[in-house]
């Protein structure tokens, strides 16, 4: 699924998407929900792509798996996108990353379950003023949450990560300290 609100690329604009059974428009908010997406044979390499969007939208209660490994593949990719909420989704076996925000501001990523991504669970690049909280991130080979060239993305907290081996910190370049929950090998990140 590829929504490009500029109409340049993708399968849909938001106005077109709202006519599909998987997209609802309620109270001025576009809602994509309750989908299962296998991105194994996706032409884009990703499960859902939202580009060039400033409308308020929510992606919730979806299961997305098997996105591919090329740049910028992800379970959900937001590119040049604002005002989105990615909440209560399940991501598993996504080769590169589960969620990728590139040049995307004022978005919320919360309450998601991410399992078995090779490179990163959640990745923000050149994206400002985003909130990442309450996500459970397990079995990530390299980085649970990667934040790069993204100022003002300080709202990264209470994300749990079960490290595979080396206990890589949750929010690279943002989190200063991390500590295991008592009696477990699950980690919580917080900002000093």
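Structure notes:
- In terms of the mean number of neighbouring beta-carbon atoms within 10 Å, the peptides 52-58, 10-16 order highest first as 52-58, 10-16.
- Figure legend: label point modelled 7 angstrom from the Cα of residue 27 along Cα→Cβ; no residues of region 111-136 have amide N under 13 Å from it.
- Computed over region 65-155, Kirkwood Rh from alpha-carbon pairs, angstrom: 12.4 Å
- Working from label points 7 Å from Cα in the Cα-to-Cβ sense, the residue 131 to residue 54 distance is 2.2 nm.
- Residues 131, 81, 36 in ascending order of nearby Cβ atoms (within 10 Å, fewest first): 36, 131, 81.
- Residues 97, 26 in ascending order of nearby Cβ atoms (within 10 Å, fewest first): 26, 97.
- The spacing between region 104-127 and region 1-23, judged by their C-alpha centroids, is 22 Å.
Laboratory data are not the source of any read-out in this text; all were calculated from the coordinates shown. Not measured: the values here are computed from a predicted model. No Cβ is skipped: glycine too gets one built from the backbone with ideal geometry, and neighbour counts run over all protein chains shown.
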